[in-house]
1. Quick one: which of 347, 362 is surrounded by fewer than 16 Cβ atoms within 10 Å (Cβ to Cβ) and among the charged types (D, E, K, R)?
2. Looking at region 303-317, which of its residues are more than 19 Å from the chain's Cα centre (by Cα) and surrounded by fewer than 23 Cβ atoms within 10 Å (Cβ to Cβ)?
3. If you check 285, 322, which single one turns out to be polar (S, T, N, Q), farther than 20 Å from residue 211 by Cβ and either in contact with a Leu (Cβ under 6 Å, 6 or more places away or on another chain) or at pLDDT 90 or above (or both)?
4. Can you tell me how many residues within region 309-354 are free of Cβ contacts under 8 Å to residues at least 24 places away in the same chain and of a type outside the set (S, T, N, Q)?
5. Exactly one of (1) closer than 17 Å to residue 341 by Cβ; (2) buried (at least 24 other Cβ atoms within 10 Å of the Cβ) is unmet by residue 277. Its number?
6. At pLDDT below 70 and acidic (Asp, Glu): which single residue out of 193, 206 fits that description?
7. For residues that are at pLDDT 90 or above and over 23 Å from the mean Cα position of the chain (by Cα), scanning just region 264-282, find the one that is farthest from residue 240 (Cα to Cα).
Amino acid sequence: MADNTQKLDESRRQLEQIEQRLEQAIADLASKKTTERDLTSDLGVLDRQLSQMQRQVSATRKKIKELDLDIAAAQKKRTQARREVDALRAQVQERLVALYKSEEAGVLKTLFSARNLNQLFEDYDFFSRIVRHDRVLLDTFRDKVLQHQVAIDHLSRVHRQQQTAASDLKQREADLRRTQKIKKRFLAAVRKDRNSLNAMIADLQDKAERLSSLVDDLTSGDSAQAARSDTSLFALQKGILPWPVIGPIKVNFGRTPHPDLGTLFESHGIEIGSEPATAVRAVWSGRVAFAKSFKGYGNLMIIDHDGGYYTLYAQVERLQKSSGDAVRQGEVIAYTGFEGADSLYFEIRQGRTPIDPQPWIEKRR
């Protein structure tokens with residue numbers, strides 16, 4: 001708990017520093033003292049902070065779900081232990097009553113009233129078995145009572161952990177909303193300044209052109225394959241390809257409004273919203289043509305599906321495959337959560353030409 005509080009305090013200090021920095025950036029923007037490089041840097045810092053907070057919120061929510069399961073299991077175990085204790089308590093009480101009543105006859109009186117030595121031994125053996133049975137009964141009762149108490153203690157401990165995690169989640173979500181408001185104010189200031197807006201859109205276009213150039217290099221020997229694209233297995237999957245991740249489409253293909261800047265720009269793919277550490281799956285079998293960091297796209301993977309078709313997966317935190325690796329449809333190839341990104345960037349290309357992925361992937365019900 002102390003470590004958790006320390007992490008929250010550190011996160012708040014960072015947030016305050018970023019807020020001060022963004023306030024200054026907004027003031028500089030208003031007085032025309034800022035540059036495109038400054039804007040990109042400040043936005044990058046803010047996006048990294050947002051990404052970190054989203055990961056923390058996601059991890060805390062996951063922890064709460066695990067604690068909920070632990071509580072359900074602990075409650076079930078406690079209930080079972082309680083039933084067993086109650087059942088054994090009834091047996092112990094029954095034996096105590098029987099023992100109390102047997103005192104009137106007396107064990108020694110019974111033994112010494114035996115008619116012969118054989119009957120004496122038989123009576124002694126009978127009483128010995130009763131004693132052993134009662135000892136086992138009492139030992140079992142004591143163990144079950146102890147198990148019941150252990151179950152109660154565990155349940156109480158998990159409840160406290162759950163309360164702490166819920167309080168932690170509440171504070172982290174509040175910090176996340178605060179950071180999102182800061183970003184909103186910053187972007188509103190950028191949108192008001194036409195020069196800054198144009199510079200950032202130009203940066204987006206440059207990023208797309210660099211990716212196209214990379215794909216051009218990869219497809220330079222694919223003219224024969226592209227000619228056979230209509231007969232390839234990939235071409236037959238139009239409309240039935242699985243989603244690489246499940247989530248809302250945040251950016252559409254083609255000329256579309258930028259989700260942050262508001263102005264129109266040309267997108268060669270789609271962006272699918274996703275929680276950090278979400279598994280990214282290959283939409284079709286193929287071979288990895290590219291798998292490493294690429295400026296502006298975070299970690300990028302390009303899969304060659306033959307017939308001149310390629311799929312691109314970007315803005316991921318971890319790549320699970322390397323160049324040259326074969327992949328199967330549905331296989332995990334990466335995990336989302338690249339700093340500053342809350343979505344997966346996904347493209348389909350036929351040769352060098354980007355095509356709209358939405359008609360290719362399954363329709364949602």
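1. One residue alone meets the criteria, 362.
2. Matches in region 303-317: 304, 306, 307.
3. Just a single option satisfies the conditions, and that option is 285.
4. Of the residues in region 309-354, 1 are free of Cβ contacts under 8 Å to residues at least 24 places away in the same chain and of a type outside the set (S, T, N, Q).
5. Status for residue 277: all satisfied but (2).
6. 193
7. 268
The values are calculated or read from the model by the stated rules, or taken from the named source; none is laboratory data. Worth saying up front: this structure is predicted, and the values here are computed from it rather than measured. Every residue, glycine as well, gets a Cβ built from its backbone with ideal geometry; the counts of neighbours run over all protein chains shown.
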